[in-house]
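Working notes, beginning with the structure itself.
The values are calculated or read from the model by the stated rules, or taken from the named source; none is laboratory data. Just so it is clear, the structure is predicted and the values come from calculations on it, not from any experiment. Methodologically, a virtual Cβ is constructed for each residue, glycine included, from the backbone with ideal geometry; neighbour enumeration extends over all protein chains shown.
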Amino acid sequence: MNDKKDVLDQGPFFHGTKAALKIGNLLEPQKLSNYQDKKSNHIYFTATLEAAKWGAELAASQSKERIYMVEPLGDFENDPNLTDKRFSGNPTRSYRSKSPLKIIAELGSWERHSDKEINQMLASLKTLREQGKDVILD
């Protein structure tokens with residue numbers, strides 16, 4: 001766990017995905033991204049359920065949406081894809097790390113966004129992709 005006195009956030013932390021994982025598994029960087037066809041240099045997570053829901057709902061897979069509670073095993077930083085490009089500060093409490101995250105629990109139930117909200121988000125992401133603006137700083 002990140003024991004520094006200047007830690008960015010105390011959590012709890014979440015990771016939304018469609019991967020079936022077990023308590024104790026590690027999420028590690030250098031794996032295929034949930035959102036683009038490339039390996040990611042970081043593992044991404046959040047301290048808000050809202051952001052974790054989007055992570056699960058938008059992950060590229062037809063598998064079941066899941067939200068895991070995770071423990072960062074090393075240093076982490078603000079996710080520049082949200083803090084610098086989209087929102088001032090870090091209201092989504094979104095982070096990334098080059099160190100693994102340990103799965104400590106799975107949320108058994110949570111309320112999905114509506115199909116309308118998900119479809120609107122997917123349409124917005126499609127527009128960004130068509131404009132060449134779907135770049136993830138990794």
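The rows are residues; the columns are (1) surrounded by fewer than 20 Cβ atoms within 10 Å (Cβ to Cβ); (2) assigned to a loop (DSSP other than H, G, I, E, B); (3) in contact (Cβ under 8 Å) with a residue 60 or more places away in the chain; (4) not hydroxyl-bearing (Ser, Thr, Tyr).
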{"position": "SER61", "(1), (2), (3), (4)": "yes, yes, no, no"}
{"position": "LYS64", "(1), (2), (3), (4)": "yes, yes, no, yes"}
{"position": "GLU71", "(1), (2), (3), (4)": "yes, no, yes, yes"}
{"position": "ASN81", "(1), (2), (3), (4)": "yes, no, no, yes"}
{"position": "GLY89", "(1), (2), (3), (4)": "yes, yes, no, yes"}
{"position": "LYS102", "(1), (2), (3), (4)": "yes, no, yes, yes"}
{"position": "GLY108", "(1), (2), (3), (4)": "yes, yes, no, yes"}
{"position": "GLU111", "(1), (2), (3), (4)": "yes, yes, no, yes"}
{"position": "GLU117", "(1), (2), (3), (4)": "yes, no, no, yes"}
Quiz item: Does LYS85 satisfy the condition of being at pLDDT below 90, surrounded by fewer than 17 Cβ atoms within 10 Å (Cβ to Cβ) and part of a loop (DSSP other than H, G, I, E, B)?
Solution: yes
Practice problem: Considering only residues that are over 16 Å from ARG66 (Cβ atoms) and β-branched (Val, Ile, Thr), look in the range 1-53 and name the one that is modelled with the lowest pLDDT. | Solution: VAL7
Quiz item: Which pairs do you get when a residue that is in a loop (DSSP other than H, G, I, E, B), found in the range 125-138, comes within reach of a residue that is at pLDDT 70 or above and of a type in the set (A, V, I, L, M, F, W, C), reach meaning Cβ atoms under 7 angstrom, with the pair 6+ apart or on two chains?
Solution: ASP134/LEU125; ASP134/LEU128
Quiz item: Scanning the range 91-100 for residues that are polar (S, T, N, Q) and in a strand (DSSP E or B), which turns out nearest to LEU49 (Cα to Cα)?
Solution: SER94
Exercise. Please specify each residue of the range 43-59 satisfying the condition of being without any contact (Cβ under 8 Å) to a residue 60 or more places away in the chain and not in a strand (DSSP E or B).
Key: ALA47, THR48, GLU50, ALA51, ALA52, GLY55, ALA56, ALA59
